[in-house]
1. Phe66 passes all but one of (1) modelled with pLDDT of 85 or more; (2) open to solvent by less than 30 Å² (accessible area, probe 1.4 Å); (3) hydrophobic (A, V, I, L, M, F, W, C); (4) touching a helix residue (DSSP H, G or I) at 6+ places or on another chain (Cβ under 9 Å); which number fails?
2. Would you mind telling me which numbered condition in (1) more than 30 Å from Glu78 (Cβ to Cβ); (2) in contact with a Pro (Cβ under 9 Å, 6 or more places away or on another chain); (3) aromatic (Phe, Trp, Tyr) Phe108 fails?
3. Can you report the number of residues in segment 21-58 which are surrounded by 14 or more Cβ atoms within 10 Å (Cβ to Cβ) and modelled with pLDDT under 70?
4. Tell me which residues, restricted to segment 168-181, are closer than 18 Å to Asn62 by Cβ and open to solvent by less than 30 Å² (accessible area, probe 1.4 Å).
5. Tell me the residue from Ala127, Ala102 that is surrounded by fewer than 18 Cβ atoms within 10 Å (Cβ to Cβ) and of a type in the set (Gly, Ala, Ser), please.
6. If I filter segment 134-143 for residues that are at pLDDT below 90, within 22 Å of the chain's Cα centre (by Cα), β-branched (Val, Ile, Thr) and outside any helix (DSSP H, G or I), do I get at least one hit?
7. Conditions first: (1) in contact (Cβ under 8 Å) with a residue 60 or more places away in the chain; (2) open to solvent by 20 Å² or more (accessible area, probe 1.4 Å); (3) under 12 Å from the mean Cα position of the chain (by Cα). Arg84 passes all but one, so which condition is the exception?
8. Would you please list the contacts, defined by Cβ atoms under 9 Å and residues six or more apart or on different chains, that run from a residue in segment 100-128 that is closer than 28 Å to Val154 by Cβ to a residue that is open to solvent by 80 Å² or more (accessible area, probe 1.4 Å) and among the acidic types (Asp, Glu)?
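The values are calculated or read from the model by the stated rules, or taken from the named source; none is laboratory data. What you see is a predicted model, and the numbers here were worked out from it, not measured in a lab. Ideal geometry is used to build each Cβ from the backbone, glycine not excepted, and the neighbour counts take in all protein chains shown. Areas reflect the complete protein model, heavy atoms only, side chains present, ligands, DNA and RNA absent. Shrake-Rupley method; radii C 1.70, N 1.55, O 1.52, S 1.80 Å.
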Amino acid sequence: MPTEVLVMCTRCGRPQRAGAGRCAACGAELPEAPLPSPAGSSSGPFLSAELAGGRVLVGEGNRLSFRPGASATPFLLELPGLRRLSLVRRPRYEALLLTAVALGLLPFVPLAVARGVLVLVALAGVALALSGRRYTLVLESSGQVETRWDLGAVRRGSPQEQRLRDAWSTLSGVVRSRGVEVSESFSRDGSPRA
């Protein structure tokens, strides 16, 4: 069963179903969906990265596509409509929820052994938060519409993080050569810094 392909409007940057003709939001003409490469074609993708959680980032010709999961519908962005590209990395704050729950339960647990286990769980949550990073690709279209693609959470120093860093290096080099503003930031709140 074929999956639906989404394209990004070059004017407003909103994702739309491929083949719709015109953007439902602003009425601009939508780019055509990518056609499969003919057999024996020598032009391959400039980027093909399999990331954490079944995510896939592919760049080919003037297009960049991102599939956020193994069975998810891919998003498509036309590179000529891209104005700014940022990679934002931040600690895995979600792991601190484990710490918060353990510390919240601590005053209500009377047994010393159980309290010790809760303290260990709280410390494990802090360790998980500090040992991993969440990466987000922030794309801004020429229509100043910002789109965020969650590239996933990876353990610091892992092969998955190295794959992601290599993909970013390739992608940033390609789009920078096309005149796109490129930046990278470490953010405590997940928002890119200018």
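1. In the conditions (1) modelled with pLDDT of 85 or more; (2) open to solvent by less than 30 Å² (accessible area, probe 1.4 Å); (3) hydrophobic (A, V, I, L, M, F, W, C); (4) touching a helix residue (DSSP H, G or I) at 6+ places or on another chain (Cβ under 9 Å), Phe66 misses (4) alone.
2. All conditions pass for Phe108, except number (2).
3. Here the count works out to 2.
4. Listed by number, the residues that qualify are Leu171, Ser172, Val175, Val180.
5. Working: Ala102 fails: surrounded by fewer than 18 Cβ atoms within 10 Å (Cβ to Cβ).
Step by step, each of Ala127, Ala102 is checked, and only Ala127 is surrounded by fewer than 18 Cβ atoms within 10 Å (Cβ to Cβ) and of a type in the set (Gly, Ala, Ser).
6. No, segment 134-143 contains no residue that is at pLDDT below 90, within 22 Å of the chain's Cα centre (by Cα), β-branched (Val, Ile, Thr) and outside any helix (DSSP H, G or I).
7. The single condition Arg84 does not satisfy is (3).
8. Final answer for the pair search is Leu128/Glu94.
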